[in-house]
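Worksheet: the structure to be examined is printed underneath.
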Amino acid sequence: MTGDATKSPFERLKQYYDTEALSCPDCGYADTDGEWETETNGRVVEYHHECPTCGTLQQHTVHLDEA
Ligand SMILES: [Zn+2]
């Protein structure tokens with residue numbers, strides 16, 4: 001990622017996933033109305049997105065202290 005000092009790593013990741021990563025890797029369906037569900041415990045953020053077409057579950061885990 002390129003540096004953008006005005007946003008935190010978390011915000012940049014959220015923006016990335018919201019805009020770039022909602023296309024299913026299996027069937028290619030672009031869930032333009034979808035969004036990632038997030039869970040966090042303050043140190044780790046887990047992103048989940050289930051493809052509405054084929055049901056493939058995408059998951060990303062981001063460690064905030066390593067971002
Ligand atoms: Zn799919």
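No value in this document is a laboratory result; all are computed from the given coordinates. Since the structure is predicted, the reported quantities are computational estimates derived from the model, not experimental observations. All Cβ positions, glycine included, derive from the backbone under ideal geometry; neighbour counts span all protein chains shown.
Okay, here's what the table says:
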| read-out | value |
| --- | --- |
| Potential lengthening between residue 56 and residue 32 on full extension [0.36 nm per residue; Cα-Cα distance subtracted] | 7.1 nm |
| Positive-pole candidate from 17, 42, 28, dipole of region 9-63, charges at beta carbon | 42 |
| Cα→Cβ-extended label distance, 7 Å offset, between residue 65 and residue 8, nm | 1.6 |
| Packing-based ranking, highest mean first, of 38-44, 8-14 given that Cβ atoms within 10 Å are counted | 8-14, 38-44 |
| For region 38-43, 3J(HN,Hα) per residue [Karplus equation, 6.51 cos²θ - 1.76 cosθ + 1.60, θ = phi - 60°, Hz, x = Gly/Pro] | 10, 10, 9, 10, x, 10 |
